[in-house]
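K.L.:
Here you go, one structure.
Read-outs: derived from the displayed coordinates by stated rules, not from any lab. Note that the coordinates shown come from a computational prediction; the quantities given were computed from them, not determined experimentally. Cβ sites come from the backbone with ideal geometry, for glycine too, and all protein chains shown count toward neighbours.
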Amino acid sequence: MATKHKGHAIGIDLGTTYSCVAAWEEQNGRAEIIVNDQGNRTTPSFVAFTDSQRLIGDAAKNQAAANPSNTIFDAKRLIGRKYKDPAIYNDLKLWPFKVVAGVDDKPMIMVNYKGREKFLAAEEISSMILTKMDIAEAYLESSVNNAVITVPAYFNDSQRKATKDAGIIAGLNVIRIINEPTAAALAYGLQKRAKCSGKRNVFIFDLGGGIFDVSLVTIEGDNIEVKATAGDTHLGGEDFDNRMMSHLVQEFKRKIRMDSTRDPRAMRRLRNECEKAKRILSHANETTIEIDALFQGIDFRFSITRARFEELNRDLFGKCIEISQKCLDDAKMAKSDVHDLVLVGGSSRIPKVQRLLQKLFEGKELCKSINPDEAVAYGAAVQAALLSENYSIVPNLVLVDVTPLSLGTKIEGDFMSVVIPRNTIIPAKRTGF
């Protein structure tokens, strides 16, 4: 039986682009999303440094265009990685802030803070975002140290450890790290608990700002068992934004014969507008991007259609479907045996993504009953309550997860001898190898 911890416990979705915190409300018998000081239910995963102060969340993102080289985002794409990791090669060229190789090839983010040059690791930036989650203390009217933090299912051990370290730096007692789609399954399982009888196979499709995960989960009564998981730790809404940005930069260069990529402020403003346009194109067929004095005093105006946006990202959308099929294959489950398709993550709202997913599952209806932006934090809060002594009225949900990546021992050269194959139920033990 899992160890119970004294005091309140919260669930935190530490996202690539936005973070969210939730706490179990015993009176209402459900988790509640906690609003931040701006009244928003999610907080931008941004940290900014100026000559006089450090800004976190909305305040940091709001001044990003004026201070691009000292406004840090995408820390989740760096955490637990090496500087030479091919996954971040293209990001390094796109980010307006500077990242250098530190000790043991650890990526270090360079900022100017109060007139001094500082080098910070990704977990230090993430810890600052986590400190912003102290909004839970005001909501609960009590100090909060215990937290369940979510990570992408496809995070490796190094990335998980670095995320836990971020929590420790933030002063939290990280009582568990759980997978994001698993947390979403907890949220969905709790919602459906009273309405459904028998066994249900649920496909969790989690497409967020920077990472894509899918999990096939079986829910039966209070038991939630993950059958298989798959994903890509470098695929999400930011990649769709980048495709649109690259397209618009080329259009600007074609029309004006100038390269706006040399101006970090111009690129930050363009990125903000691309993110807005992407959201608009989820419910409109066309939108216009207008930026006054984008580069060297020249105004920029460009109309983009949903069809063009879909074409720019066709291969990335296709990759989501390939990974979804891989998850089905690993679970050895037929599409017809899946009862529910649950959408999680802001980018799951993109109509083309939804159509492709429905096509994969031969027209099955998509479940949109849980909030894609909040489901992961909600599920994390349920798990936190189950691990806390503070709550007596909590559904007795039993969660069985799998290891998403194969575990093994290094043998000659750079080869690994697999000891525990991926999608093995955990905890697991192997001896005699």
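K.L.:
Hey, what angle do you get for helix 237-256 against the long axis of the chain, alpha-carbon based, 0 to 90 degrees rounded to 10?
P.N.:
10 degrees
K.L.:
Considering amide H positions built from the backbone, and no H for Pro or chain starts, which residues 5 or more places from residue 121, or on another chain, come under 5 Å of its amide H?
P.N.:
Amide H neighbours of residue 121: 109.
K.L.:
Moving on to the next point. Quickly work out the residue 336-to-residue 420 label distance, labels modelled 7 Å from Cα along the C-beta direction, and quote it in nm with one decimal.
P.N.:
Those two pseudo-labels are separated by 3.6 nm.
K.L.:
Follow-up. So, with +1 on the Cβ of K and R and -1 on the Cβ of D and E, and no other charges, what is the size of the charge dipole of the chain about its Cα centre, to the nearest 20 debye?
P.N.:
On the way: 59 positive and 55 negative charges, 152 e Å.
In total the dipole reaches around 720 debye.
K.L.:
With the cut-off at 1.5 for a/c, could you classify the range 332-426 from its C-alpha gyration tensor as rounded, prolate or oblate?
P.N.:
oblate
K.L.:
Could you please state, rounded to a whole Å, how far the C-alpha centre of the range 380-431 is from the C-alpha centre of the range 59-137?
P.N.:
Between the Cα centre of the range 380-431 and that of the range 59-137, the gap is 29 Å.
K.L.:
Right, here's the next one. Going by how many other beta carbons lie within 10 Å of each one, how would you line up 43, 3, 229, 288, fewest first? Don't skip to the end; give the middle numbers.
P.N.:
Details: 43 25, 3 8, 229 29, 288 11.
Final ranking by Cβ density, sparse to dense: 3, 288, 43, 229.
K.L.:
May I ask you to give the average projected area over all directions of the convex hull of the Cα atoms of the range 15-139, in nm² rounded to one decimal?
P.N.:
Values: hull surface 35.3 nm².
Over every viewing direction, the Cα hull of the range 15-139 projects on average to 8.8 nm².
K.L.:
Once the Cα atoms of helix 351-360 and of the chain are each reduced to a long axis, what angle between those two axes, in degrees from 0 to 90 to the nearest 10, is obtained?
P.N.:
40 degrees
K.L.:
Can you tell me what share of the DSSP beta bridges in the chain is antiparallel? A percent to the nearest 5 is fine.
P.N.:
Details: 57 of 79 bridges.
So the antiparallel bridges in the chain amount to around 70 percent.
K.L.:
While we're looking at this one, here's another question. Can you run phi through the Karplus equation (6.51, -1.76, 1.60; θ = phi - 60°) for the range 221-231 and list ³J(HN,Hα) in whole Hz, with x for Gly and Pro?
P.N.:
Here the 3J(HN,Hα) series is x, 8, 9, 10, 10, 7, 8, 6, 9, 8, x Hz.
K.L.:
OK, next. One quarter of the convex hull surface, Cα atoms only: what value does that give for the range 237-310 in nm²? Walk me through the numbers on the way to the answer.
P.N.:
On the way: hull surface 17.5 nm².
Taking the Cα atoms of the range 237-310, their convex hull projects to 4.4 nm² on average.
K.L.:
Once you place label points 7 Å from the Cα toward the Cβ at residue 98 and residue 262, how far apart are they in nm?
P.N.:
1.9 nm
K.L.:
Follow-up question, since we're still on this one. Which of the peptides 402-411, 371-380, 216-225 is most tightly packed, and how do the rest follow, judged by the mean count of other Cβ atoms within 10 Å per residue? Don't skip to the answer; put the middle values down first.
P.N.:
Numbers: 402-411: 15.7, 371-380: 26.6, 216-225: 19.2.
Highest-to-lowest ranking by the protection proxy: 371-380, 216-225, 402-411.
K.L.:
Please find, in a Gaussian network model of the chain (springs between Cα atoms separated by less than 10 Å), the residue of 50, 233, 17 whose mean-square fluctuation is greatest.
P.N.:
Comparing 50, 233, 17 in a Gaussian network model of the chain, the most mobile one is 50.
K.L.:
Another question, if that's okay. Take the alpha-carbon centre of the range 271-289, take the same for the range 291-326, and report the distance between them in whole Å.
P.N.:
9 Å
K.L.:
Considering only Cα-Cα distances, which of the following residue pairs are longer than 21 Å: 61/132; 4/164; 76/364; 199/364? Provide the component values of the computation, followed by the final result.
P.N.:
Details: 61/132 14 Å; 4/164 18 Å; 76/364 33 Å; 199/364 18 Å.
Cα-Cα > 21 Å for 76/364; rest within.
K.L.:
Let me ask something else. Extent of the chain along each principal axis, from alpha carbon coordinates, in Å, largest to smallest?
P.N.:
The principal-axis extents, from largest down, are 63, 56, 50 Å.
K.L.:
What are the equivalent ellipsoid semi-axes of the range 168-296, built from the alpha-carbon gyration tensor (square roots of five times its eigenvalues), in whole angstrom, biggest first? Could the numbers behind the result be given before it?
P.N.:
On the way: eigenvalues 350, 67, 31 Å².
Sorted largest first and rounded, they come to 42, 18, 12 Å.
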